[in-house]
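J.: Before anything else, here's the structure in question.
The values are calculated or read from the model by the stated rules, or taken from the named source; none is laboratory data. All figures in this text were calculated on a predicted structure; none of them were measured in a lab. Positions of Cβ are generated from backbone atoms using ideal geometry, with glycine treated the same way; all protein chains shown enter the neighbour counts.
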Amino acid sequence: MINNFKKSVLAASIVAFSTTVIAQESLRLGHYFPAEDFRGKTAQYFADAVDQELFDIQVYPSESLVRGRDGFMATARGSVDIYSLFGGYAVGSVDLMRIFTIPFPPDEFTDSKLLEFANDERTLDILDEEFERSNVKLLGFINSSGQTTVFLADSIDSLEDLRGKRIRGVGGYTDPALQDLGSSVVFMSAAEQFLQLQTGGVDGVITTDSSYANLGLSEVAPVMMDGSIVRTPYPLIMNKRKWDRLSSDQQEALMTAAAETVAWSIENFEEESERLGEKVRSEASEVYALSDEDLDQASQIRNKYLQQFSDEYGDEGERLVELFNEYL
């Protein structure tokens, strides 16, 4: 009878152990985009691509869990497990992310080129250690901002007309570039843009075509500047302590899903970008094309901050600038 009791205990222990091994890990994935936004769809794609036997991922869109600008620190603290973040929001904690905020990128630096550069193993090797110092694991760069430009309440005739205007910035070198042009930089979340434009809190905003279309900003900012002021990737980040507690199989599953999401995003974003571009141009009442003089000024500003980045961040900065130029 004692032997039977021992067998029962052993059998129960095996069942319990097996249950522990296969139990799903619950994770909260936050982002600040509407669910129907392509960036929201990309975050959902990742959640769906993860092995469902290993993870139960709940997605919280539209800042319903954490505000976009707070996403990095909230992930570092563990208030959220995973976050899809605009790269410019990470520069306060990861200085080297400024390479993705170089203002006025040339037209040949397309969304697909940006994601190739961001996910290049040489780029990731440099950035991984920087992220981990902030208790954040970088899973990959899963999306692009697409065309990100200035949308204004009133017409302009040149870049010089931005002088004196209050414009919503997006972080990194884009903000001092605005100041070089004589603008005042105002900080706000994506959700605040409509109200701030409507009430005159700002004269313009730097934002994506996607946000412009999905937030109905044409009602309050009918003027758009043609061409990107910045083109920035979206890192998918995870709380490092949470990552370290996962099994190797679970970690591999997350990295596999991230890689699949990057491939899906690259494959589908060009079509989405074209659709959004057409929609934005149809909604904006005026599109300002940069003059040759504007383009020269923009090029000088871009080169200024590439050089500044290289000077400020030593060998790693120089290497990232080399890689940036390689992808041009």
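J.: Please indicate, with yes or no, whether at least one residue in the range 97-104 is closer than 24 Å to ASP244 by Cβ and either part of a strand (DSSP E or B) or not small (Gly, Ala, Ser) (or both).
T.: Yes: the range 97-104 contains one or more residues that are closer than 24 Å to ASP244 by Cβ and either part of a strand (DSSP E or B) or not small (Gly, Ala, Ser) (or both).
J.: Something else about it: When you look at ARG241, is it buried (at least 19 other Cβ atoms within 10 Å of the Cβ) and of a type in the set (Lys, Arg), yes or no?
T.: Numbers: buried (at least 19 other Cβ atoms within 10 Å of the Cβ): no; of a type in the set (Lys, Arg): yes.
So ARG241 fails the test.
Residues are listed down the side, and each one gets a yes or a no for (1) loosely packed, with under 12 Cβ neighbours inside 10 Å; (2) within 24 Å of ILE126 (Cβ to Cβ):
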| position | (1), (2) |
| --- | --- |
| LEU236 | no, yes |
| ALA258 | no, yes |
| GLU267 | yes, no |
| LEU276 | no, no |
| LYS279 | no, no |
| ALA289 | yes, no |
| ASP292 | yes, no |
| ARG302 | no, yes |
| SER310 | no, yes |
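J.: Also: Can you tell me which of (1) over 19 Å from PHE269 (Cα atoms); (2) at pLDDT below 95; (3) surrounded by fewer than 20 Cβ atoms within 10 Å (Cβ to Cβ); (4) over 14 Å from the mean Cα position of the chain (by Cα) is the one VAL66 doesn't meet?
T.: Going through the list (1) over 19 Å from PHE269 (Cα atoms); (2) at pLDDT below 95; (3) surrounded by fewer than 20 Cβ atoms within 10 Å (Cβ to Cβ); (4) over 14 Å from the mean Cα position of the chain (by Cα), VAL66 breaks only (3).
Condition check ((1) closer than 29 Å to GLN307 by Cα; (2) out of contact with any helix residue (DSSP H, G or I) (no Cβ under 7 Å at 6 or more places or on another chain)) across all residues:
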{"site": "ALA49", "(1), (2)": "no, no"}
{"site": "LEU54", "(1), (2)": "no, no"}
{"site": "PRO61", "(1), (2)": "no, no"}
{"site": "LEU65", "(1), (2)": "no, yes"}
{"site": "ALA74", "(1), (2)": "no, yes"}
{"site": "GLU108", "(1), (2)": "yes, yes"}
{"site": "LYS113", "(1), (2)": "yes, yes"}
{"site": "GLU132", "(1), (2)": "yes, no"}
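J.: Could you check the range 167-279 for helices (runs of 4 or more DSSP H) lying wholly inside it with 2 or more residues that are over 17 Å from THR149 (Cβ atoms)?
T.: On the way: elements: 174-180, 193-199, 209-214, 240-245.
Hits in the range 167-279: 174-180, 193-199, 240-245.
J.: Tell me whether the range 111-134 contains one or more residues that are under 19 Å from the mean Cα position of the chain (by Cα) and assigned to a strand (DSSP E or B).
T.: Within the range 111-134 (the criterion being under 19 Å from the mean Cα position of the chain (by Cα) and assigned to a strand (DSSP E or B)), the answer is no, since none of the residues qualifies.
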